[in-house]
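Working notes, structure below.
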Amino acid sequence: MNPADALNEGLDRPNALRLLNNALAREGFEAFYGEDKHCYLRHIGTSTVSMPAKNPHRPLSAAEMQRRTALAAFLDTCSEDALIEQVLLPLFRQLGFHRITAAGHRDKALEYGKDIWMRYTLPTQHFLYFGIQVKRGKLDATGRSRAGNANIAEIHNQALMMLAHEIFDPETNRRVLVDHAFIVAGGEITKAARNWLGNALDAAKRSQIMFMDRDDILNQFVMTNLPLLGGAPDAVPPGGTTAASF
């Protein structure tokens with residue numbers, strides 16, 4: 001279905017598209033061309049477009065590697081607020097989370113350990129709530145360094161506070177507890193830090209903690225092909241897209 005393979009028809013391949021859709025319609029699907037001139041499959045009943053599961057561990061294209069390097073340079077110099085507003089908020093929106101709310105640093109009294117809270121809707125229409133504690137630098141199990149790396153003991157206190165305090169969801173008009181706590185760092189989260197926090201928490205709370213470090217941020221941002229604001233690197237050029245097409 002590549003437009004370049006057209007024979008005795010235009011680049012939009014109307015004849016080939018009609019033949020393909022005659023076969024696909026029996027299974028409830030239809031083929032169509034996107035704006036990028038690639039052919040995609042769509043379920044007729046739900047309008048869901050078929051795409052492969054994104055794999056952040058696959059080999060990256062040259063354009064994706066270039067963008068990853070540029071984003072890494074941005075993380076080296078950005079503030080914690082810029083990390084939240086320009087990277088994490090659009091990333092979690094793209095990943096399917098809802099009601100993403102940044103507490104910001106103007107209202108520390110009501111933050112209760114959460115820089116961000118958000119909601120995820122399960123296929124059963126039940127909700128899971130997430131609190132996020134963000135640190136710009138490296139997280140280690142040692143004391144705070146002159147470079148500004150956060151001590152994991154500080155994160156431990158904030159994680160406990162995050163899990164213990166309710167948040168108000170205006171859409172459901174009720175107060176709820178956070179189901180899971182994300183510890184997100186713009187730098188490395190060392191194995192010592194992860195182990196220290198795991199040992200400091202009881203078994204119930206330990207299962208509620210998830211980590212997301214610099215590599216996770218870089219890989220997820222490249223996979224979702226999001227643009228960055230404020231002079232940060234642009235999206236991957238069309239040749240570096242990761243969408244499934246045929």
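Computed values, structure above
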read-out: Total residues in the range 174-194, condition assigned to a loop (DSSP other than H, G, I, E, B) and closer than 14 Å to Y129 by Cα; value: 3
read-out: All positions within the range 90-108 that are crowded, with 17+ Cβ neighbours inside 10 Å and not β-branched (V, I, T); value: P90, L91, F92, F97, A102, A103
read-out: One residue from E111, E64, E9 being in contact with a helix residue (DSSP H, G or I) (Cβ under 7 Å, 6 or more places away or on another chain), modelled with pLDDT under 90 and within 30 Å of G137 (Cα to Cα); value: E64
read-out: Matching residues, the range 14-34, being of a type outside the set (G, A, S) and surrounded by 14 or more Cβ atoms within 10 Å (Cβ to Cβ); value: L17, L20, N21, L24, F29, E30, Y33
read-out: Residue in the range 151-159 that is at pLDDT below 90, surrounded by fewer than 16 Cβ atoms within 10 Å (Cβ to Cβ), assigned to a loop (DSSP other than H, G, I, E, B) and not aliphatic (A, V, I, L, M) present; value: no
read-out: Filtered residues of the range 33-62 (kept if touching a residue at least 12 places away in the same chain (Cβ under 8 Å) and outside any loop (DSSP other than H, G, I, E, B)); value: Y33, C39, Y40, L41, R42, H43, A62
read-out: Any chance A204 is part of a helix (DSSP H, G or I) and at pLDDT below 85; value: yes
read-out: Hits in the range 175-203 (condition: under 14 Å from D140 (Cα atoms), open to solvent by 70 Å² or more (accessible area, probe 1.4 Å) and not aromatic (F, W, Y)); value: E188, K191, R194, N195
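Each row is one residue, and each column tells you yes or no for (1) surrounded by fewer than 18 Cβ atoms within 10 Å (Cβ to Cβ); (2) closer than 28 Å to K114 by Cα.
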site	(1), (2)
D36	yes, no
D76	yes, yes
E80	yes, yes
E85	yes, yes
L88	no, yes
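The values are calculated or read from the model by the stated rules, or taken from the named source; none is laboratory data. Here the structure is a predicted model, which is why all the values come from computation and not from measurement. Using ideal geometry, Cβ is built from the backbone for each residue, glycine included, and neighbour counts are taken over all protein chains shown. Side chains are part of the model used for accessible areas, which takes the heavy atoms of the whole protein and leaves out ligands, DNA and RNA. Shrake-Rupley method; radii C 1.70, N 1.55, O 1.52, S 1.80 Å.
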